[in-house]
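Single-structure report; data block below.
The values are calculated or read from the model by the stated rules, or taken from the named source; none is laboratory data. Since the model is a prediction, treat every value here as computed from it, not as a measurement. Cβ sites come from the backbone with ideal geometry, for glycine too, and all protein chains shown count toward neighbours.
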Amino acid sequence: MSAPILEIQNLSVVFKQRRNVQIILDKISLKVYPGEIVGLVGESGAGKSMTGSSVLGLIDPPLLISEGAIIFEGRRIEKNSAFVRGSQISMVFQDPLVSLNPLRSIGDQLIETIRTHIDMGKVEAKTYAKSLLKEVGIEPNRFYDYPHTFSGGMRQRVVIALALAPKPRVIIADEPTTALDVSVQAQILDLLRKLCKERGTAIILITHDMGVIAETTERVAVLNAGKLVEMGKTYDVLNKPNSGYTKKLINSTPTFQHLTKKRNSKPFIQKPKKKKFEQLEYLSVNELTRFFDLSDPWLVRQITGTGKRILKAVDRVNFKIDKGRTYALVGESGSGKTTIAQMVAGLLRPSAGNVKIDGKDFTDVSLGKEELLLMRRAVQMIFQSPYASLNPRWRVGNIIKEPLDVLNLNQNEETKNKRVIELLEQVGLSPRDIVKFPHEFSGGQRQRICIARALASRPELIICDEPTSALDVSVQAQVLRLLKDLQKEFSLTYLFISHDLAVVSEMADKIGVLKEGVLIEEATPEVLFSSPVEKYTKMLIAAAPDIGNANKIN
Amino acid sequence: MLAIGSFFVFITIILLAIFANYLAPYTPFDPSTLNLMNGFTPPMEPNEFTGQVFLMGTDDQGRDLFSTILYGLRISLFVGLMAVLLAMVLGVILGLISGFSGGWLDIIIMRLADIQMTFPSILVAMLVYGVARGMLPPELRYEMSITVLIISIGLSEWVPFARTVRGSTLVEKEKDYITSARMLGLKRFSIMTRHILPNILSPVLVIATITFALAIIAEATLSFLGVGVPTTKPSLGTLIRIGQDFLFSGEWWILLFPALTLLALALSINLFGDWLRDMLNPKIH
């Protein structure tokens, strides 16, 4: 094997403020060889991004490198060697919207980057910039376009072109696809792999997603709480993990590979054997439709002569959920998942069609106060971000108690308080947490509080809108397990909304695939993953990174 | 350091105003205690007729300046505080409605705010003051003058509150905890007061401190222009107006001491407000 291009030796980073010293990175050593993709994986706070920043010299007080060195091509690089940093080693960030200057055309930005690093004339730089754009798959005739005219995936391509401009030997990509849809993510990962092969550039891919690691990297380093837990060939690490932490991480990662019958792996949640009880239809969504009027005001339309612009967010969607079952809606951003959830929750009025809960039409305008109250007790919702779904100024006890107060349940104060404690225990929190504020809890615990609140009114249907996408994998596994357990205990019906096929495959009894507001396919997970009918569904399944795919590239 | 210092100054001024009736050697608002012979006594010098010594001298009426400043502070602080409270209540209510309801109500309230912002707030205050005085029967004008002053300053300062509250409300109302409350079928009023209001109060507190300083200065300006509190109950602004008549005839102290007090008060409130803003901003920590 050739000499490593980049070597991180015993790198330690500490956070130092007055007497408070915290170790952020603890003696990390890592070698990167030319032309390979090395994955850095770990949960939030593991020190992945910090490792990337240290290599680029982006460590500022109160953070400081307390020991170790970064060796590039056999030479140790010092704090401010601009020659290496930015030209020999460049960076691709997570959010392409923030890393591009919105006021300048992409061509301008490329030329500027090229000319700061390479001694080149303007005309020459322009030709080079266009060749770079071509390489990342952008038509050179979009050279003078501004960042906002590009989609998320295209922007990330531009960012990659910018990173490539100085002809770097190493690219550090920090969660480059986290903000993107799966199909776009697959394209960007393909592009990174291609560049790696063709140019011999080494890539350090920082991500939290084990699926991305499995499909893209050759070697992987697993980080936990600032320590390097395990390092090795991706296939070996994923299949024969040595450390307990890696094992836990892998076991927590949901997968649908066992369903595609390509590989035998057990799902981390065993599906309960379907009992042969009578199937009661609980929720039925009939011809549900929602339009959004995006047109300009009337006067503007008359002057500019443009017509109305109507967005069909949801278009004649039908599905049914039996009592005690989970129905999942999957689709990429803009497919209308959340709009459907809002209509089922009664937050948004459908343009046409209706939502029937236990046979009663929830969308009926003439519903009386009492009936509405009953409906509201029966339908609850769990939201995506546990950071935004709890009022930061309220104590946990009051947050959970609010539905009891508002929905006229448990008249006296004492039974209410008892109920709150009971709920906290059901979701695995302690009764002492009543007096705490939301910010005193971690993301997973907050999601448990949200679940407790949703359970307060003893609902029958819970709408879960991406309930775990803001959480780390190991926490995600716990929350999903809790949801499963609660479903069994209270025979809850779930409408589960997610973009993550692997999560959905673990949770759902039936899956509906949404594309641009239309429900294009509906099947049980077993059928959907092994024999999808629609082309779009096939594409989604192929594009979704899955931890079971590590054998594909090696 | 600066914050602690300014806070100390501010607290001292407040205490001086509260305990004015114990601390002040004279009662300047009681005409029967005044002696015209004491007029124009320089600070710390015995009066040539009566031999009395005054800490900060006296004004043309023979009022002890130190006592008058202490009592004047009371009026300034009271008017400032009440005006800020009025502006805050008005601004928060209008801002909440504007941000939460949106639509035509939002347009009307915000355009009203825009129109008001095109006039200097002191002009608005004078306008309101003039109209209110004109509408009052003459026998009530004297008694109501402080109330009118408070209303006119309060009405001229609500816009910053409303704009900030509207902005924060727009951010908060999109968050899922509001959606969650809406799902329970809570009334809009409850959502606004129970959920949104507690989460937008910190910028309001900062604006309140800064507006407090502005209101005190506005009161001083109005009184200086002669449309504020009556001369029989002088506030800091009234004292400064009296003082500037005698500035060039050598009686400098009548102007200097009230002006310095006003400066110390406004400056300390502003510095305290800056500190409060930093404290309440999580990004700076």
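Structure summary
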{"quantity": "Residue list for segment A:46-63, restricted to those being outside any helix (DSSP H, G or I) and surrounded by 15 or more Cβ atoms within 10 Å (Cβ to Cβ)", "calculated": "A:Ala46, A:Gly47, A:Gly57, A:Ile59, A:Leu63"}
{"quantity": "For A:Met375: the one exception among (1) over 23 Å from B:Met192 (Cα atoms); (2) at pLDDT below 90; (3) within 14 Å of chain B (Cβ to nearest Cβ); (4) under 31 Å from the mean Cα position of the chain (by Cα)", "calculated": "(4)"}
{"quantity": "Scan of segment A:292-310 for residues that are in contact with a Leu (Cβ under 7 Å, 6 or more places away or on another chain) and either without any contact (Cβ under 8 Å) to a residue 12 or more places away in the chain or within 19 Å of A:Ala341 (Cα to Cα) (or both), ordered by number", "calculated": "A:Phe292"}
{"quantity": "Residues being farther than 20 Å from B:Asp106 by Cα and surrounded by 24 or more Cβ atoms within 10 Å (Cβ to Cβ) - total across segment B:161-176", "calculated": "0"}
{"quantity": "Qualifying residues in segment A:394-403 (those that are crowded, with 21+ Cβ neighbours inside 10 Å and of a type in the set (A, V, I, L, M, F, W, C)) - the one nearest to the other protein chains (Cβ to nearest Cβ)", "calculated": "A:Ile399"}
{"quantity": "Residue ID - nearest to the chain's Cα centre (by Cα), chosen from residues in segment A:463-497 that are outside any helix (DSSP H, G or I) and of a type in the set (Phe, Trp, Tyr)", "calculated": "A:Phe496"}
{"quantity": "A:Lys360, sole failed condition from (1) out of contact with any helix residue (DSSP H, G or I) (no Cβ under 8 Å at 6 or more places or on another chain); (2) away from chain B (no Cβ under 14 Å); (3) surrounded by fewer than 18 Cβ atoms within 10 Å (Cβ to Cβ); (4) at pLDDT below 90", "calculated": "(1)"}
{"quantity": "Any pair with Cβ under 6 angstrom, 6 or more apart, that starts in segment B:169-186 at a residue that is within 7 Å of chain A (Cβ to nearest Cβ) and ends at one that is of a type in the set (Val, Ile, Thr)", "calculated": "B:Leu184/A:Val406; B:Leu186/A:Val406"}
{"quantity": "Residues of segment A:168-186 classified as part of a helix (DSSP H, G or I) and crowded, with 19+ Cβ neighbours inside 10 Å, total", "calculated": "4"}
{"quantity": "Residue within segment B:4-16 that is in contact with a helix residue (DSSP H, G or I) (Cβ under 6 Å, 6 or more places away or on another chain), polar (S, T, N, Q) and closer than 27 Å to B:Ala215 by Cβ present", "calculated": "yes"}
{"quantity": "Test: A:Ser491 is in contact (Cβ under 8 Å) with a residue 60 or more places away in the chain, crowded, with 23+ Cβ neighbours inside 10 Å and of a type in the set (Gly, Ala, Ser)", "calculated": "no"}
{"quantity": "Every residue from segment A:191-227 that is under 19 Å from the mean Cα position of the chain (by Cα) and assigned to a helix (DSSP H, G or I)", "calculated": "A:Met210, A:Gly211, A:Val212, A:Ile213, A:Ala214, A:Glu215, A:Thr216"}
{"quantity": "Any chance A:Ala477 is small (Gly, Ala, Ser) and within 12 Å of chain B (Cβ to nearest Cβ)", "calculated": "no"}
{"quantity": "Positions within segment A:380-393 being closer than 24 Å to A:Lys418 by Cβ, among the hydrophobic types (A, V, I, L, M, F, W, C) and facing chain B (nearest Cβ under 8 Å), in sequence order", "calculated": "A:Leu390"}
{"quantity": "Subset of segment B:2-52 (residues that are under 25 Å from the mean Cα position of the chain (by Cα), assigned to a loop (DSSP other than H, G, I, E, B) and among the hydrophobic types (A, V, I, L, M, F, W, C))", "calculated": "B:Phe19, B:Ala24, B:Phe29"}
{"quantity": "Qualifying position, being in contact with a helix residue (DSSP H, G or I) (Cβ under 8 Å, 6 or more places away or on another chain), in a loop (DSSP other than H, G, I, E, B) and over 29 Å from B:Asp59 (Cα atoms), among B:Gly154, B:Gly185", "calculated": "B:Gly185"}
{"quantity": "Residue match in segment A:447-462 (condition: among the hydrophobic types (A, V, I, L, M, F, W, C), within 11 Å of another protein chain (Cβ to nearest Cβ) and assigned to a strand (DSSP E or B))", "calculated": "no"}
{"quantity": "Selected residue (only one of B:Phe119, B:Phe161 is of a type in the set (A, V, I, L, M, F, W, C) and outside any helix (DSSP H, G or I))", "calculated": "B:Phe119"}
{"quantity": "Residues satisfying the stated conditions in segment B:55-94, i.e. crowded, with 23+ Cβ neighbours inside 10 Å and of a type in the set (Asp, Glu)", "calculated": "B:Asp59, B:Asp64"}
{"quantity": "Positions within segment B:80-114 being of a type in the set (Val, Ile, Thr) and within 23 Å of B:Leu149 (Cβ to Cβ), in sequence order", "calculated": "B:Val84, B:Val89, B:Val92, B:Ile93"}
{"quantity": "Residue that is farthest from the chain's Cα centre (by Cα), among those in segment B:191-221 that are hydroxyl-bearing (Ser, Thr, Tyr) and away from chain A (no Cβ under 14 Å)", "calculated": "B:Thr221"}
{"quantity": "Qualifying residue in segment A:446-454 (condition: crowded, with 19+ Cβ neighbours inside 10 Å, free of Cβ contacts under 8 Å to residues at least 40 places away in the same chain and at negative phi)", "calculated": "yes"}
